[in-house]
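What follows is one structure encoded as structure tokens, with my remarks underneath.
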Amino acid sequence: MTHSLNLDGLRAFVAVVETMNFSKAADVVGRTQSGVSLQLARLERQIGKALIRRRQGRVDGLTDEGRILLPYARRMVELNESAWRAVAVPTMAGRVRLGVPADFLQMDFPDLLKRFQLTHPGVELEVMSDVSDALRDRLRQGGLDVAFFKRPAGEGESGTIARQQVVWCGNRAAAPDADRPLPLVLFPNACAYRRLALAALEQAGMAWRVVFASPSAEGVRAALLAGLGVGAMPSEAVTGDLVAIQNAGLPPLGEVELAVAFAPTAGEPARFLADHLRDRLIRRAGS
């Protein structure tokens, strides 16, 4: 007997897992919230087992069967999208100069680019990684076709994709000394995280000094883990031995927006690539 899992149900399942919210999942897959619930319920009936744990109408995690199915579901949805693009999307060709913030490269962003290249071999990618204001300057000067960048929340209207909470962070032994200027490990001046951190400290009347600065996310992370000082990073980037610093008398940092902008001369390949990346960044931001 042949068994075929419903692709719409798998897509709804993956969206719910990645957002942990039925309303956000509906935005991801382009359906109503009730439509997502219905697709997931049909998939669970087809399998004969619950996949999502619910508590008072909210997503509370995965069942054992859901954890087993998830990697297969992701691969099946991704393969379907890749096959559709390879066959149904007109062949594109051209060069795209893409700018991305330095911390993108610590996520699975390179894998997203690789998958795009596999399905669109005619598009030649040139990727630049830098701090956000530098990317925007390069875009305005004609050196990029499309750029993703960060800015303090509320600073702009157009192009916003998602928001990220910024937190103080350091190694597990980090303990700010109230009697000495706060040692800071930051990105250079053109970084949105740095601007938030320094503005918060100035408003709180706290003394500080920059002990290490680097445009490289790996360099900043290494300095923080070495205990040179404390830094400001999105909460989702604070992983492993890097920890959020709480209850240490430091002022709250607020949020940054993730946004995208295009050069006036950006063509179809640049806009299609941006849409491809934006969809996946929105899914990650909701998880």
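The values are calculated or read from the model by the stated rules, or taken from the named source; none is laboratory data. On a predicted model such as this, the values are computed, not experimentally measured, just so you know. Note that we place each Cβ from the backbone using ideal geometry, even for glycine, and neighbour counts take in every protein chain shown. Note: accessible area is taken over every heavy atom of the protein model, side chains too, but ligands, DNA and RNA are not part of it. Shrake-Rupley method; radii C 1.70, N 1.55, O 1.52, S 1.80 Å.
Which helices pass in the chain if a helix is a full DSSP H run, must span at least 20 angstrom along its long axis by Cα, and must have mean Kyte-Doolittle hydropathy not below -0.5? Passing helices, by number: 33-47, 64-88. Rounded to a whole number, what % of the accessible area of the chain do carbon and sulfur atoms account for, probe 1.4 Å? That share works out to 50 percent. Take every pair of alpha-carbon atoms less than 8 Å apart whose residues are at least six positions apart; their mean separation over the length of the chain yields a relative contact order of 21 percent.
For the range 117-271, the alpha carbon positions stretch 57, 31, 23 Å along the principal axes, listed from largest to smallest.
Between Arg163 and Leu258, the built amide H atoms are under 5 Å apart, and every one of these is 5 or more places off in sequence or on another chain.
Highest mean packing comes first when the peptides 241-250, 66-75 are listed by Cβ atoms within 10 Å, giving 66-75, 241-250. Per residue, the accessible area of the chain comes to 52 Å², computed with a 1.4 Å probe over protein heavy atoms only. Per-residue 3J(HN,Hα) values for the range 250-264, derived from phi via the Karplus relation 6.51 cos²θ - 1.76 cosθ + 1.60 with θ = phi - 60°, read 8, x, x, 9, x, 10, 10, 9, 9, 9, 9, 9, 10, 6, x Hz in sequence order (x marks Gly and Pro).
Using the alpha carbons alone, the radius of gyration of the range 223-275 stands to its Kirkwood radius in an Rg to Rh ratio of 1.20. About its Cα centre, the chain has a charge dipole of approximately 620 debye under the convention of +1 per Lys or Arg Cβ and -1 per Asp or Glu Cβ, with nothing else charged. Under 5 Å between amide hydrogens, built in the peptide plane, is the criterion, and for Met233 it picks out Val167, Cys169 among residues at least 5 positions away or on other chains. Computed over the chain with a Gaussian network model linking Cα atoms closer than 10 Å, the most mobile of Arg115, Arg271, Arg221 is Arg115.
For the chain, set up a GNM with springs between Cα atoms under 10 Å and report which of Ala222, Ala134, Ala204 has the largest fluctuation. Taking springs between Cα atoms under 10 Å, the residue moving most is Ala204. Within the chain, antiparallel bridges make up roughly 60 percent of the DSSP beta bridges whose residues both belong there.
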